[in-house]
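Please read the structure below before turning to the comments.
The values are calculated or read from the model by the stated rules, or taken from the named source; none is laboratory data. Bear in mind the structure is a predicted one, so any value in this text is a computation, not a measurement. Cβ coordinates were reconstructed from backbone atoms using ideal geometry, including for glycine residues, and neighbour counts include every protein chain displayed. Protein only, heavy atoms only, side chains kept; ligands, DNA and RNA dropped before computing areas. Shrake-Rupley method; radii C 1.70, N 1.55, O 1.52, S 1.80 Å.
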Amino acid sequence: MDKKEKTETNGIKNGNGELSGKTILVVNTGSMKKRFIFQKLKKLGVKIIILNKEINWAGDYADNWILADTTNHSESLQQTGKFIKENPDIHIDGIFTFWEDDVLLTSKISDKFNFIGIPFSIAKKIRNKYLFRDFCRLNNLPLVKFKIIKPNESTEEITKDISFPMVIKPIFGSSSAFVIKIENEDELKDSLVYIKKEMSTSIESALTDGSEIMVEEYIDGDEVDMDILIQNSRMKFFSISDNNKTNEPFFIETGQSIPSSLPKKNQEELIRMADEVLEKLGIENGCIHFEAKSSKKGPVPIEVNLRMGGDEVYSFVRGAWKVDLIEYALKIAMGIYFPKIKKPEAPYKYLAGQYFIPNSSGILSQLDIDEKINKKPYLGELVFFKKIGAPVLVPPEGYEYLGWVTVSGDNPLNAQDNLEEAVKLVKYNIAKFNPGSSIGKTTQKNQFSFSALNKNIIIRSGKIERLRKMSIKNQRNLHIGIAYNLYSEEDGAVNSELSMVGQIIEKTLKERGYRTSFFDFNNLPKAFNDLKASDVDLVFNVCERINDSSLLEPHAASIFDALQIPYTGSSPFTLSLCIDKIRVKKLLSFHEIPTPKWDYVYSMDDEIEEDLKYPLIVKPANTDNSIGITNDSVVTNKKELENQLKKVLVDTGRPALIEEYIEGDEYDVSILGSEEDDLRVLPLSRSIFSKLPKGYWHIYPFEAKWNENSIYKKCITVQKPPKNINKKLATLIAEIALDTYNILDCHDYGRVEIRVDKNNNPYVLELNPNPSINTDDCVAQVAKLAGMDYGDFIEEIIRMAIERYKNKPPYYHLQTKFL
């Protein structure tokens, strides 16, 4: 396309006075594949108001939003009316949609607020394929035998008036989802079971308007698409393109070519038929995508889409005829008159396109696009919206494709030759059965059976596969979910900290270009459903509560595993193990890791080892953040011991851990990594208690960590890194901490707490596998000493998680190595 073509198409110039400054109401953004439409609107100087459920990727293009669930028509109408009333200075010049799901809603809004469009009374007859067939019957328009399938109707009743081959399809929907060719009664039975079981809006969102199905005779012939512009009841433009043969029995489109190669007589018959159908329907204004077949008996309508055709249709029509469907659709919606568009005898270009459709569902494991393709003068578009690791669902599991390529040529044969060459320059592989993944192989009973592959497993395992194939240099392309707990400041210092860490991580990642989403586990049902429906690649797990209980913290990681969503940090096994301080003590003792002498009780009647020497410290055996620990937790005699045991066992209902009190400095050992060859001990942090007044035991009670005005904040000296520490002692502390980290199978990051007595003997107190990593917390602070600013530190955790998921079998991280 030369410079003039890029800025002008059939008399409409970008940003001209007719469209620049006008305001259009767009109903639904659709998926990111529709970004080109919004880019075009902006180039035209059009102001955009978007009616959508939420603010999303189209935020850079929207001038205003009307937020409403577009599947809820009454809510959408109400919110649109409210916007118009509250913004009298904004004049909406027109409305349109390019999203099939919202054709009916767009018509309702046009009716209520007097916009130019297709009345709802007409749209509902067209959107419903059964009503459209019935309209054709009543108006003597071409059609084949058809009938709606009633609930529990037998195959004998269905086939009474319609012979094989036949086509079964939803009366709503688009993209040929669940449209199946049926050759015999067995196939009809199987397909009915398949459709009734699997048909859902999660596969085809346009089915929100209804889930009824119908059957009709199969039409043998050449399938075409006609893209038509109608203004004031006059057909101002039409274009006919040929559809490649579909992969029956599922009618998934495989490609197109434009202009049509059908004989001129057949094309004229098709346009006359389309013109008659649209006239009798009463369509006065619109950009229409009309699907039909040219059969031996003449042209037959298949369906009428009351919006611009999807995917490559826009570029096809623009390339072949220099007609911009977006611009003209705007003019029609805004009532800006234009004359009938004159088409030359021959197109400006002959175009051919092909969809990339794999033979089976699976995971996209390889994608190699030869750079030569971008230098080919014939290349029109190359769109590949699936990424490495993405699940791809083709019939019967789903109705997806990987992308498409379009090329041009001097004639139809030349275009087809160029297309064949272009397709060879794109190589991809679908991992159908991978022994290293969770996708299993079973026997397929029939072409509609779901026993071959479980689509949910494919979708979820795709997240893990993507990490496995991803280059670290592309890390910032990831969509990161942040699992955390949202509290208000009134909920206390501990809870406030839980909120802050998630928020600072999100802010940091956004600043570095990541796309992020929050999942608040204080609202577990919503978090679960949002996670299940999300496209996050990896979850940064800083969740520490479920149902406001730290005991359920490990279950957040279990949810990620169950949904097959990769995540940072340790496994649910390690998280649950480390909450139970008694089990940790047993494990450390078994592995001969030095730890204070200890015992435990579950009731006041339990006996305690008599050789434990006072002073002792009594702790709740399954809490975190020093909850339940006070200065009185250190006891010097049996009476004090009994009092503290009562507080823990009776008052809090927790088991109690009793340890010999170790007088000395406390060291926090922060560790990064998961495997033995990538573990790193960060600079140590030492707490010195010698300045505490008399009567204060040298410990970290709850008050010391969470009361800013406590005497502990003033009197405990924290050194990062420790000053004047013996190198041999530092090495010993690090080695013992690493052994503890490995024994408990910690992943990505963790913090080991160690006491050192006056004789430089280290004792492990506990391991926190999910320590707080706020900017001023220990792990982040010592990472900074190691040369990582906070953003580097957070990205390093993500990098380590990615590496951990590479080349490993599913759930390997649940298999603790050292037990």
* **Where labels lie 7 Å past Cα in the beta-carbon direction, separation of N726 and E248 in nm** => 8.7
* Okay, which of segment 753-772 sit inside 14 Å, backbone N to the point 7 Å along the Cα-Cβ direction of S549? -> none
* **Accessible area of the chain divided out per residue, in Å², using a probe of 1.4 angstrom** => 44
* **Pairwise centroid distance, computed over Cα atoms, of segment 347-421 with segment 30-48, Å** => 23
* To do: Calculate how steeply helix 185-198 sits against the longest principal axis of the alpha-carbon atoms of the chain, using the helix alpha-carbon long axis, and give the answer as 0 to 90 degrees to the nearest 10.
  => 50
* Beyond 29 Å, what share of the Cα-Cα pairs of segment 151-310 is found? Please give it as a whole percent. => 23
* Structure shown: which of K124/K427; K82/K526; K160/K264 lie over 31 Å apart, alpha-carbon to alpha-carbon? -> K124/K427; K160/K264
* **Sparse-neighbour loop sites [GluC sites (Glu not before Pro); segment 600-662; at most 13 other C-beta within 10 Å; DSSP]** => E607, E609, E610
* Among 308-320, 416-428, 115-127, the order from most to least packed when residues are scored by Cβ within 10 Å on average -> 308-320, 115-127, 416-428
* Any chance you could give the angle, 0 to 90 degrees and rounded to 10, that helix 455-469 forms with the longest Cα principal axis of the chain? => 70
* Asked: Normalized C-alpha radius of gyration of segment 617-715, against 2.2 N^0.38 Å?
  -> 1.26
* Measure nothing but the geometry: give the 0 to 90° angle between the long axis through the Cα atoms of 581-590 and the longest principal axis through the Cα atoms of the chain, rounded to 10°. => 70
* Structure fact -> Expressed in nanometres to one decimal, the distance between label points 7 Å along Cα→Cβ at F164 and N631 is 8.9
* Structure fact -> Note on segment 256-333: alpha-carbon gyration tensor, axes a ≥ b ≥ c; rule is a/c under 1.5 for rounded, else prolate if a/b larger than b/c, else oblate; result oblate
* Share of carbon and sulfur in the accessible heavy-atom surface of the chain [1.4 Å probe, %] -> 48
* Return the Rg/Rh value of the chain, two decimal places, where both radii are evaluated on C-alpha atoms and Rh is the Kirkwood radius. => 1.08
* **Computed helical MRE - 222 nm, the chain, DSSP H runs ≥ 4 contributing -39500 (n - 2.57), nearest 500** => -9500 deg cm²/dmol
* Asked: Hey, rough spin-label estimate for M32 and D111, points 7 angstrom out along Cα→Cβ, what's it come to in nanometres?
  -> 3.7
* Structure fact -> Quick calc of log₁₀ I(q)/I(0), segment 592-642, Debye, one scatterer on every Cα, no solvent, q values 0.17, 0.19 1/Å, result -0.59, -0.74
* **For segment 87-152, the Rg and Dmax computed from alpha carbons only, in angstrom** => 16.0, 55
* **Convex hull volume per residue for segment 319-365, taking Cα atoms only, in Å³** => 151
* Rg followed by Dmax, in Å, when segment 734-799 is reduced to its Cα trace -> 13.1, 40
* Which loop-located GluC sites (Glu not before Pro) does segment 335-396 contain, where loop means any DSSP state but H, G, I, E or B and the Cβ has at most 14 other Cβ atoms within 10 Å? -> E345
* Listed here are the pairs K53/K293; K34/K376; K33/K532; K181/K322; K639/K727; which of them are more than 32 Å apart at the Cα? -> K53/K293; K181/K322; K639/K727
